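Undergrad: Quick one: this structure, given as structure tokens, is what I'll be asking you about.
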Amino acid sequence: MRVHPRRGTGKTRGCGRKPAPGAKPTPTQGTTPPHGDTLPLNKYIAHGGICSRRDAADLIRVGKVSVNGQVVTEPGTKVLPTDTVKVNGKKVTISRNFVYILLNKPKDYITTTDDPQGRKTVLDLIRHATQERVFPVGRLDRNTSGVLLLTNDGDLAQKLAHPSHEIKKIYHVSLDKPLTKADFEKIIGGAVDLEDGVAHVDALAYADPGDKTQIGIEIHSGRNRIVRRIFEHLGYDVRGLDRVMYAGLTKKNVQRGKWRLLTEKEIRILKYLNSSIKGSSARVKEWASVEVPAESGQPRRTATATAGPGAAPGKRPPRSIPPKGRKPATTPSRSRPHKPGHFNSDGD
């Protein structure tokens with residue numbers, strides 16, 4: 001006989017106990033009261049604009065978070081909006097007014113909310129953008145410029161950071177010497193084996209046919225400094241790294257060091273990224289962007305990457321193998337320079 005679990009009883013162990021008079025409410029471990037207003041502690045902190053849910057979980061595990069005066073080390077602990085949550089002694093207030101800011105990050109700025117060494121952070125650049133507490137989604141190292149998203153929407157930040165969504169990023173890489181055809185084929189063929197595994201690239205092209213030190217690369221990996229490490233592994237010095245596109249967002253018409261709010265359409269697209277995007281072997285649309293140099297104010301046309309008919313990321317190199325007995329499609333070889341305007345750069 002098949003036995004089905006009980007449903008809808010709403011009963012949990014100890015739920016009938018009454019708190020002592022005058023005692024502060026304590027967080028509920030792993031249970032949800034009938035009114036359904038509770039949130040996991042890491043999600044609560046993310047909604048407060050402190051950091052992403054993943055970073056919040058780390059803060060909780062190391063004992064930096066307290067609820068109603070008690071240190072809590074379990075990220076999934078359920079808390080109420082009326083609970084007093086503190087991170088490093090500072091009270092967290094949930095924001096219902098979500099803000100989404102696109103920043104064209106310059107070099108020499110740290111992608112963090114604060115820096116103990118007193119270095120410049122990306123928050124210094126958007127100080128007048130909003131009164132809400134926002135945090136950067138993902139990381140760009142100090143010497144990397146380009147598209148950076150900042151928000152106080154913890155759910156969206158978690159979604160964009162999760163590997164399962166395979167968020168696409170396009171970078172413009174400036175090398176100290178021309179990229180050889182042999183190394184080009186190693187990168188696009190998945191033959192670059194780093195200390196933490198093989199580096200899989202979705203698309204690669206010369207940004208400027210006349211200058212093979214300028215490379216466009218599209219990648220979905222979120223591994224630390226992956227783009228720099230690919231080229232350094234092959235003996236190149238990365239002189240410049242600029243992220244041109246992130247999750248479909250470009251820096252078009254945004255000068256270096258400037259910012260803009262996302263449009264409602266852009267927010268909607270980010271929120272409803274779905275599984276049909278993941279692992280697609282279809283050719284990725286070309287992305288064009290116009291960078292406005294801060295010093296001149298005049299638009300300068302740059303190019304974007306044209307992704308080839310790649311395989312599912314992380315499984316096999318992005319090559320198209322024709323069926324047996326059939327001639328291969330007449331597509332340009334990825335080892336040849338693409339036409340001007342086909343690649344725009346982005347960096348990590």
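Undergrad: Are any of the residues in region 99-108 within 18 Å of TYR246 (Cβ to Cβ), surrounded by 14 or more Cβ atoms within 10 Å (Cβ to Cβ), at pLDDT below 85 and within 15 Å of the chain's Cα centre (by Cα)?
TA: To start, the set of residues in region 99-108 that are within 18 Å of TYR246 (Cβ to Cβ) comprises 99-107.
Adding the requirement that they be surrounded by 14 or more Cβ atoms within 10 Å (Cβ to Cβ) leaves 99-107.
If we keep only those that are at pLDDT below 85 too, we end up with none.
No: zero hits.
Undergrad: Here is a list of conditions, (1) at positive phi; (2) touching a Phe, Trp or Tyr at 6+ places or on another chain (Cβ under 6 Å), and ASP108 meets all of them except one; can you say which number that is?
TA: Tallying (1) at positive phi; (2) touching a Phe, Trp or Tyr at 6+ places or on another chain (Cβ under 6 Å), ASP108 fails exactly one: (2).
Undergrad: Go through (1) surrounded by fewer than 19 Cβ atoms within 10 Å (Cβ to Cβ); (2) modelled with pLDDT of 90 or more; (3) closer than 30 Å to LEU39 by Cα; (4) touching a Lys or Arg at 6+ places or on another chain (Cβ under 7 Å) for ALA161 and report which single condition fails.
TA: (2)
Undergrad: Taking the residues in region 136-151 that are more than 14 Å from the chain's Cα centre (by Cα) and crowded, with 23+ Cβ neighbours inside 10 Å as candidates, determine which candidate is nearest to ASN224 (Cα to Cα). Walk me through it before giving the result.
TA: In the first step, residues of region 136-151 are kept if they are more than 14 Å from the chain's Cα centre (by Cα); the result is 142-145.
This time we only want the ones that are crowded, with 23+ Cβ neighbours inside 10 Å, so: 144-145.
Working: THR144: 13, SER145: 15 Å.
Among residues in region 136-151 that are more than 14 Å from the chain's Cα centre (by Cα) and crowded, with 23+ Cβ neighbours inside 10 Å, the one nearest to ASN224 (Cα to Cα) is THR144.
Undergrad: Working only within region 43-64, note down all residues that are closer than 22 Å to LYS159 by Cβ and at pLDDT 90 or above. Working first, answer last.
TA: So in region 43-64, the residues closer than 22 Å to LYS159 by Cβ come out as 43-61.
Residues satisfying the conditions are ALA57, ASP58, LEU59, ILE60, ARG61.
Undergrad: Is it the case, given these coordinates, that LYS90 is among the basic types (Lys, Arg) and crowded, with 19+ Cβ neighbours inside 10 Å?
TA: no
Undergrad: Name the residues in region 40-62 that are more than 18 Å from ILE101 (Cβ to Cβ) and in contact with a Lys or Arg (Cβ under 8 Å, 6 or more places away or on another chain), would you?
TA: PRO40, LEU41, ASN42, LYS43, ILE45, ARG53, ALA56
Undergrad: Anything in region 231-268 that is touching a Phe, Trp or Tyr at 6+ places or on another chain (Cβ under 7 Å) and of a type in the set (A, V, I, L, M, F, W, C)? List them, or say none. Even if it seems obvious, please write down each step before you answer.
TA: Of region 231-268, the ones touching a Phe, Trp or Tyr at 6+ places or on another chain (Cβ under 7 Å) are 238, 241-245, 250, 261-262, 267.
Of everything in region 231-268, those that are touching a Phe, Trp or Tyr at 6+ places or on another chain (Cβ under 7 Å) and of a type in the set (A, V, I, L, M, F, W, C) turn out to be VAL238, LEU241, VAL244, MET245, LEU261, LEU262, ILE267.
Undergrad: In this structure, is ALA182 without any contact (Cβ under 8 Å) to a residue 24 or more places away in the chain and part of a helix (DSSP H, G or I)? Outline the logic, then answer.
TA: Working: without any contact (Cβ under 8 Å) to a residue 24 or more places away in the chain: yes; part of a helix (DSSP H, G or I): yes.
In short, yes.
Undergrad: Can we say ASP237 is surrounded by fewer than 19 Cβ atoms within 10 Å (Cβ to Cβ), out of contact with any strand residue (DSSP E or B) (no Cβ under 6 Å at 6 or more places or on another chain) and over 30 Å from ARG127 (Cβ atoms)?
TA: Working: surrounded by fewer than 19 Cβ atoms within 10 Å (Cβ to Cβ): yes; out of contact with any strand residue (DSSP E or B) (no Cβ under 6 Å at 6 or more places or on another chain): yes; over 30 Å from ARG127 (Cβ atoms): yes.
Yes; evaluated as a whole, the condition is true for this residue.
Undergrad: On to the next question. Could you identify the single residue in ARG127, ARG133 that is within 13 Å of PHE98 (Cβ to Cβ) and more than 18 Å from the chain's Cα centre (by Cα)? Give the derivation first.
TA: Details: ARG127 fails: within 13 Å of PHE98 (Cβ to Cβ).
Residue meeting the stated conditions: ARG133.
Undergrad: So how many residues does region 130-174 have that are under 20 Å from ARG119 (Cβ atoms), in a loop (DSSP other than H, G, I, E, B) and out of contact with any helix residue (DSSP H, G or I) (no Cβ under 7 Å at 6 or more places or on another chain)?
TA: Of the residues in that region, 7 qualify.
Undergrad: Touching a Lys or Arg at 6+ places or on another chain (Cβ under 7 Å), outside any strand (DSSP E or B) and farther than 16 Å from SER52 by Cβ - does that describe any residue in region 109-128? Walk me through how you get there before you give the answer.
TA: Of all residues in region 109-128, those touching a Lys or Arg at 6+ places or on another chain (Cβ under 7 Å) come to 109-111, 122.
Imposing the further condition that a residue be outside any strand (DSSP E or B) reduces the set to 109, 111, 122.
From the residues that got through so far, the ones that are farther than 16 Å from SER52 by Cβ too are 109.
Yes, there is a match, as at least one residue in region 109-128 is touching a Lys or Arg at 6+ places or on another chain (Cβ under 7 Å), outside any strand (DSSP E or B) and farther than 16 Å from SER52 by Cβ.
Undergrad: Step by step: first the residues of region 184-201, then only those that are acidic (Asp, Glu) and more than 20 Å from the chain's Cα centre (by Cα), then the one that is surrounded by the most Cβ atoms within 10 Å (Cβ to Cβ). Which residue is that?
TA: If we filter region 184-201 for residues that are acidic (Asp, Glu), which is where we start, we get 185, 193, 195-196.
Remaining after also requiring more than 20 Å from the chain's Cα centre (by Cα): 185, 193, 195.
Details: GLU185: 15, ASP193: 11, GLU195: 6.
Applying the filter and picking the extreme gives GLU185.
Undergrad: In region 91-110, is there at least one residue being over 27 Å from GLU266 (Cβ atoms) and of a type in the set (A, V, I, L, M)? First the steps, then the outcome.
TA: Here is the first cut: in region 91-110, the ones over 27 Å from GLU266 (Cβ atoms) are 91-92, 108.
Narrowing the set further to residues that are of a type in the set (A, V, I, L, M) leaves 92.
Yes, region 91-110 contains at least one residue that is over 27 Å from GLU266 (Cβ atoms) and of a type in the set (A, V, I, L, M).
Undergrad: May I ask you to verify whether THR93 is in contact (Cβ under 8 Å) with a residue 24 or more places away in the chain, outside any helix (DSSP H, G or I), hydroxyl-bearing (Ser, Thr, Tyr) and out of contact with any Gly (no Cβ under 8 Å at 6 or more places or on another chain)?
TA: Values: in contact (Cβ under 8 Å) with a residue 24 or more places away in the chain: yes; outside any helix (DSSP H, G or I): yes; hydroxyl-bearing (Ser, Thr, Tyr): yes; out of contact with any Gly (no Cβ under 8 Å at 6 or more places or on another chain): no.
So THR93 fails the test.
Undergrad: Continuing with the same structure: Looking at this structure, is LYS285 within 21 Å of LEU149 (Cα to Cα), modelled with pLDDT under 95 and among the basic types (Lys, Arg)? Give the steps one after another, and end with the answer.
TA: On the way: within 21 Å of LEU149 (Cα to Cα): no; modelled with pLDDT under 95: yes; among the basic types (Lys, Arg): yes.
Judged against the criteria, LYS285 is not a match.
The values are calculated or read from the model by the stated rules, or taken from the named source; none is laboratory data. In this text, all values refer to a predicted model and were calculated from it rather than measured experimentally. No Cβ is skipped: glycine too gets one built from the backbone with ideal geometry, and neighbour counts run over all protein chains shown.
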